[in-house]
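Peer 1: Dropping the structure in here first, questions after.
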Amino acid sequence: MCADNQKSSIRNQKSQAFTLVELLVVITIIGILIALLLPAVQAAREAARRMQCSNNLKQLALGLHVYHNALGSFPPAGFYTGSTLSWNTAILPYIEQGNLYDELDHAGPYHSEANRRVALHGVDAFLCPSFATHRSVLHSKFGGTADRIDGQDTYTIHYQGVLGPVGTNPTTGADYPLLDVGSHGGFATGGTMLHDSSVRIDDIRDGTSNTYLLGELSWDGSGVYRNWTRGTNVNEPSRPCASAKNVNYALGVFGYEVFGFQYNNASFGSMHPGGAHFAYADGSVHFVSESMDMGVYKAMASRAGGEVAAP
């Protein structure tokens with residue numbers, strides 16, 4: 001009787017244990033669940049990064065508006081005569097970065113030792129969290145050293161001013177205004193952030209809700225990432241602008257690959273699926289589709305072109 005009970009107990013223990021096949025089934029099910037869950041987790045993370053990116057642009061647009069209220073106009077994209085600093089250095093006091101503003105060498109140039117040391121500090125509001133390149137690529141991509149100090153690359157910026165459209169205005173049939181100088185595509189002058197002059201809200205006759213102020217430029221292949229203090233170069237024959245870009249090409253299609261050529265025409269774009277963020281002149285931020293009609297896209301980059309296209 002005792003032996004029978006012992007055998008029954010052994011059989012019960014065996015029946016309660018997992019077989020190898022059962023373990024493999026469980027592991028397979030867990031793997032399938034993880035595979036199903038992972039894209040959702042990644043999508044949630046990208047949604048959070050995209051929201052942070054939008055908030056960055058909102059903060060910068062607000063800083064530009066406070067600057068406008070204080071000084072009567074938006075800053076130029078780059079202060080060509082004198083410091084060669086960028087618009088984003090001008091708004092530092094208005095985005096709670098006054099300590100960095102005080103450390104700048106406002107007599108310039110942007111690549112002075114003092115200004116390069118300031119640019120060793122990254123500013124979160126200047127950087128999209130979806131893009132991994134947070135420092136200047138001048139040395140790594142082209143071998144230049146103007147953006148390095150103490151063996152380190154300075155931080156860059158992922159949001160640039162909109163110089164204006166390049167091409168033909170579909171409403172008037174006339175060419176959009178362009179200062180055609182240098183080898184980098186010149187400077188469009190029909191936008192809101194100009195090469196070396198300031199735009200007032202009253203100058204935006206197409207309406208602030210129909211006009212871009214800043215655009216996201218944070219995509220692989222662009223190649224434009226430089227020291228975030230850099231605006232435009234004094235007496236530089238190629239005439240690059242590191243703080244703003246022309247709107248000549250669609251989002252994410254044209255990168256800066258040949259040193260000294262077409263830098264100002266690099267496309268806006270991002271690593272966010274489907275498009276990039278833009279801050280409008282009214283301070284709002286919107287996600288712009290990469291499939292947007294080019295006529296509409298250029299019309300939105302123009303402050304006073306009289307185009308009939310709506311965003």
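The values are calculated or read from the model by the stated rules, or taken from the named source; none is laboratory data. Keep in mind it's a predicted model, so treat the numbers as computed, not measured. For neighbour counting, all protein chains shown are included, and Cβ atoms are generated from backbone atoms with ideal geometry for every residue, glycine included.
Peer 1: Within 24 Å of residue 123 (Cβ to Cβ), surrounded by fewer than 17 Cβ atoms within 10 Å (Cβ to Cβ) and of a type outside the set (A, V, I, L, M): which single residue out of 268, 278, 287, 261 fits that description? Steps first, please.
Peer 2: Working: 268 fails: surrounded by fewer than 17 Cβ atoms within 10 Å (Cβ to Cβ); 278 fails: surrounded by fewer than 17 Cβ atoms within 10 Å (Cβ to Cβ); 261 fails: within 24 Å of residue 123 (Cβ to Cβ).
Matching residue, one of 268, 278, 287, 261: 287.
Peer 1: Would you confirm whether or not the stretch 219-236 contains a residue that is in contact with a strand residue (DSSP E or B) (Cβ under 8 Å, 6 or more places away or on another chain) and without any contact (Cβ under 8 Å) to a residue 12 or more places away in the chain?
Peer 2: no
Peer 1: Name the single residue that is farthest from residue 296 (Cα to Cα) among those in the stretch 162-191 being in contact (Cβ under 8 Å) with a residue 60 or more places away in the chain and surrounded by fewer than 18 Cβ atoms within 10 Å (Cβ to Cβ).
Peer 2: The selected residue is 183.
Peer 1: Do you know which residues across the stretch 170-214 are more than 23 Å from residue 142 (Cβ to Cβ) and part of a strand (DSSP E or B)? Steps first, answer last, please.
Peer 2: Start the filter on the stretch 170-214 by keeping residues that are more than 23 Å from residue 142 (Cβ to Cβ), which leaves 170-180, 188-194, 196-214.
Selection gives 175, 178, 179, 188, 212, 213, 214.
Peer 1: Also, quick follow-up: Return the only residue of 258, 253 being out of contact with any Leu (no Cβ under 7 Å at 6 or more places or on another chain), farther than 23 Å from residue 195 by Cβ, of a type outside the set (Gly, Ala, Ser) and free of Cβ contacts under 8 Å to residues at least 24 places away in the same chain.
Peer 2: Values: 258 fails: farther than 23 Å from residue 195 by Cβ.
Testing whether each residue is out of contact with any Leu (no Cβ under 7 Å at 6 or more places or on another chain), farther than 23 Å from residue 195 by Cβ, of a type outside the set (Gly, Ala, Ser) and free of Cβ contacts under 8 Å to residues at least 24 places away in the same chain leaves just 253.
Peer 1: Could you please give the count of residues in the stretch 215-267 that are outside any loop (DSSP other than H, G, I, E, B), more than 12 Å from the chain's Cα centre (by Cα) and farther than 24 Å from residue 149 by Cα? Steps first, please.
Peer 2: Taking the stretch 215-267 and keeping what is outside any loop (DSSP other than H, G, I, E, B), we get 215-217, 230, 232, 241, 244-247, 263-265.
This time we only want the ones that are more than 12 Å from the chain's Cα centre (by Cα), so: 230, 232, 241, 246-247, 263-265.
Of the ones still in play, those that are also farther than 24 Å from residue 149 by Cα are 246-247, 264-265.
Selection size over the stretch 215-267: 4.
Peer 1: Separate question: Only one of (1) in contact with a Ser or Thr (Cβ under 7 Å, 6 or more places away or on another chain); (2) buried (at least 20 other Cβ atoms within 10 Å of the Cβ); (3) at pLDDT below 95 fails for residue 194. Which number is that?
Peer 2: It is condition (1) that residue 194 fails.
Peer 1: Is it true that some residue in the stretch 71-84 is assigned to a helix (DSSP H, G or I) and either closer than 23 Å to residue 160 by Cβ or at pLDDT 95 or above (or both)? Break it down into steps so the answer makes sense when it comes.
Peer 2: Kept after step one, since they are assigned to a helix (DSSP H, G or I), are these residues of the stretch 71-84: 71.
In the following step, the residues that additionally are either closer than 23 Å to residue 160 by Cβ or at pLDDT 95 or above (or both) were identified as 71.
The answer is yes; a qualifying residue exists.
Peer 1: Quick check on the stretch 130-137. Is at least one of its residues modelled with pLDDT of 95 or more and not in a loop (DSSP other than H, G, I, E, B)?
Peer 2: Within the stretch 130-137, one or more residues are modelled with pLDDT of 95 or more and not in a loop (DSSP other than H, G, I, E, B).
Peer 1: Name the residues in the stretch 65-91 that are closer than 17 Å to residue 203 by Cβ, surrounded by 24 or more Cβ atoms within 10 Å (Cβ to Cβ) and either under 16 Å from the mean Cα position of the chain (by Cα) or free of Cβ contacts under 8 Å to residues at least 12 places away in the same chain (or both), would you?
Peer 2: 77, 87, listed by residue number.
Peer 1: Still on this structure, I have one more. Filter the stretch 86-127 down to residues that are under 24 Å from residue 216 (Cα atoms), part of a helix (DSSP H, G or I) and polar (S, T, N, Q), then give me how many there are. Steps first, please.
Peer 2: If we filter the stretch 86-127 for residues that are under 24 Å from residue 216 (Cα atoms), which is where we start, we get 86-98, 100-101, 110-111, 115-116, 118-127.
If we keep only those that are part of a helix (DSSP H, G or I) too, we end up with 87-90, 92-95, 98, 100-101, 115-116, 118, 124-126.
If we keep only those that are polar (S, T, N, Q) as well, we get 88-89, 115.
Number of matching residues: 3.
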